[in-house]
Every structure is written in structure tokens, then in C-alpha cells.
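Single-structure report; data block below.
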Amino acid sequence: HSISILSLHYYNYTLFFFLMIRRPPRSTLSSSSAASDVYKRQVCCYCAATIHVECSVKAEAENLAWKSANEGFAKNMRICFECEDVKNRPAVNFVKEEDNARRACIRALASAAEYPAEIVEKLKAIRVRCDELYGDDGSKSSTVPAAINDEIMKSVRLLVASYFQPGRSIMRVTKKPIDSKCGGIGVVAVEKIPRFTIIGVYPGYEDPLSGEQAKLGRPGPRYSLVDLNCANYHNDVFTELDFTITPFINEPNPHEKSCVAWVQETRRPEGRLSVMSVRDIEVGEELLIGYGPLYPRTYPYAYDAYAYHLVEGHTDPPCFALWHWTSLDEKDANFVCYAGYDAESDSYTYWETEAVSYTHLRAHETPEHLVCRLLLEKKKKPQIE
């Protein structure tokens, strides 16, 4: 219960609205988009790599039987060209490989395009040192003393966290076992957190099928957000992300309410969501957030979701409308307030409003914007002060 998944499939635009990924349905996206090819891709029944139909061959019954996780997913399974050439393949037993600082650094550099130059340069320097210690191909990993590996790993974790946990965000909370979540890890405030405070940025690496692995034969990814995946095949959070916070935020139990929400900050790449508080959070209170509707939960929970939606036409400075969803029915969505971003202080504050304007949404209206407009029409027509 300590882990949650946000799995988006665009099957219901009204549910999609509160998640704020302002993209059209995948069926209308350009074929050049990485995410647009999701439904054209399959999974190799052997190595579990995502593959194009055109770059693979059909998987027969004897191929699918190689791994029990393939059972029930025949229509999604094929064989990649690399695995097709392997003969007399022994049955697989997925054994966890020992992770190390070199592998962590290589993964961290996969997001180099997002990081500030200073972080990239430091990670590259660590990569050079790792290649010297572990070997260019990692063949000398077993010879590296544990103390050295731990020292380098800590450096990588701190650098990664400096990007995904901006400002004092990492000082405001701690991770700890939560009794009401079966002892699983949760995130708890260690100081009072004011409303509109950024808790952190959701980390992870691009994996267009990360939100659909449960359907396609991999272990259900408990740490994935849209096209970003934070965990390995065994659902262990990548070790370089251990100092980040957002992957460990739980959703509420039936008697609980969410207190933080997703927000697509304008200074972050699209799809790289942040988490922001929706009210003051007291010391000792667990941070809770609403996740997507398609995660196959095996425990009781409350569907209580907040989201900050960027107001079209008000981007300098950016203005966000906070919405609250108490069910899967769009009729239960409630407008809460506006929050504006101040670049000078790098903070968000409450914006006073007289009413709600919706005409500016129509120029770029997509189905999720349509939901927003229909809801806003029920309110007074405004101008943002």
C-alpha cells in the first residue's frame, strides 16, 4: 500500500483532466512522438523490451510459455529480432543484480538534458571515475570496496536529489513506515508546510509503456508516472533516486483526504510533474495524493484527487486553477482557487479572483480542456486580478 501508480490510458478524458497532462489523445498525436507509438508497440516475451510490431516476429505458444508472466497477454507479446536468434533458450529466473554506483550514474545521466550544467558536469566526472574503478564495461565491479561504492553512490544521490528536490523541499518531510498502510513507506511532514509549497518533482526515466506494464506481462510498476518509470523490473526504486520524496507519497485510506496535488510547472519539461500542497500541512501529518483510476488496487482507498491546471492565456506569470475531484464523475469536480507563480521568489501564492474566465481556453481546446470549460461555465465570468 505504500506504493501507488498513475497509469494513463486516455480512455476517459474527464478523468484525464485532473492529471493535467495537456496532450491530445494518443490517437491524434503525431507518429513522430515517442508516446504516440505506445499502442503500436508490443513487449518481447523473452527480454520484456518494448518493440515495434514492424521490428519483431509473432510469438507462438511455446515462446509465450517461457515465462509465466506472459500468461494472458498473448495479444501484446512478440519476439524482438535479438531474442529471435537465440536457440535452446533455458527457462528464466529473474535474479536481482547487485546495483552499484556506476550503473546508478549511467541511469542518472539519461536525464542530463533536464539538469543544470553544473549537475551534468559533476555526474560526468563521477562517470569517468566509475569507469576507472569498475571498468568500462563494469567487469571490475566486484573489486570495488563497498565503502568506495557507497561514497560514490551518495554523491550521485545528492546530485539527483538537488534537481528533483528543489530548495528546502527535502528538509520539510521524511520517509517512514506508516502503520495504516500496512507498514509501508510513506512521507510525513517534519515541519509545518504552507499551502502552495512544492514538495518535489517526480523523478524517473522515459519508458513509454511504464504505465501499462501490468497489462503487458511485466510486474505492475508501482513507481511510474505517465511515461516516467522510477523502478527496476522488481519494483525497487532505482537507488540513485533514494533521496527523492515524491515516489513514496501514498494515496489516502477511506477515512483520509489528499493534501497535495500534481502540477505541471511551466519551467519543467512536459510530463515531468511536480507535487504541491493544496493546504497547510501540520507537523507529523502524512502527505497524501490522488492517483489515477486504473491502478488495480488490492486495498481500500479514498478517491480524493486534486490537480493544478494551467490557465490558458495567463502564463506570464503563470496562473493555475486548483480543482478537487471526489469521484470519477466530472460532475463532482469542484473549483477551489487560483495560485500564481512568482519567479523572483520561486514560489506560488494565492491569487484573488472576482470570477472565472473560460473563453481563453477555447483557442487550444482539447477534450480535457472541454471538461474544464463546461465546469467553468457554471461559475461567474471573470478577470484574474
Within segment 242-324: Cβ-based charge dipole about Cα centre, in debye rounded to nearest 20 (Lys, Arg +1; Asp, Glu -1) = 200
Among the aspartates and glutamates, which fall within straight-line cross-link reach of Lys140, defined as a Cα-Cα distance under 18 Å, with same-chain neighbours fewer than 8 residues apart omitted?
-> Glu97, Glu98, Asp99, Asp131, Glu132, Asp150, Glu151
Too-long pairs where the Cα-Cα distance tops 22 Å, listed order kept, from Lys58/Lys87; Lys154/Lys175; Lys124/Lys176; Lys124/Lys154 | Lys124/Lys176
Highest-first arrangement of 244-252, 131-139, where packing means the average Cβ count within 10 Å | 244-252, 131-139
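Bear in mind that the values in this text are calculations on the coordinates, not laboratory data. None of the values given here were measured: they were computed from a predicted structure. Because the Cβ atoms are built from the backbone with ideal geometry, glycine has one as well, and the counts that use them run over all protein chains shown.
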